[in-house]
Amino acid sequence: MTLEEIRKVFLNILESTPGVYGICENAEQCPNLGQEYLSIQNINNEWHFSATIIILKYANAKNVVNSISSHLRYELNKKKEHLGKLNVFIGGLAND
């Protein structure tokens, strides 16, 4: 799979995960953060993901991250790809 296909899958998973309010893709969306906002790399045939998300105020962060991880692992296994590292940063809370 190409990087662009993997990016679409990853963004779709992040957007459709319950408890995720938004994704910080650049400094304009989350100006007070100093990390990488969205990163995808293929190293030694493993995909490494990093993302900064905004979650709903009463969402359990552990459950949100576990849901993202399991869904991403499932989608990659369907396409015969492998998940390396997954780093999810909580960039903020939303009261919605």
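Going through F89, F49 one at a time, which residue ends up being modelled with pLDDT of 95 or more and not basic (K, R)?
On inspection, the qualifying residue turns out to be F49.
Listed here are the residues, each with its yes/no results for (1) crowded, with 16+ Cβ neighbours inside 10 Å; (2) polar (S, T, N, Q).
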residue	(1), (2)
H48	no, no
N63	no, yes
S67	yes, yes
L72	yes, no
L83	yes, no
D96	no, no
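The values are calculated or read from the model by the stated rules, or taken from the named source; none is laboratory data. Computed from a predicted structure; not experimentally measured. All Cβ positions, glycine included, derive from the backbone under ideal geometry; neighbour counts span all protein chains shown.
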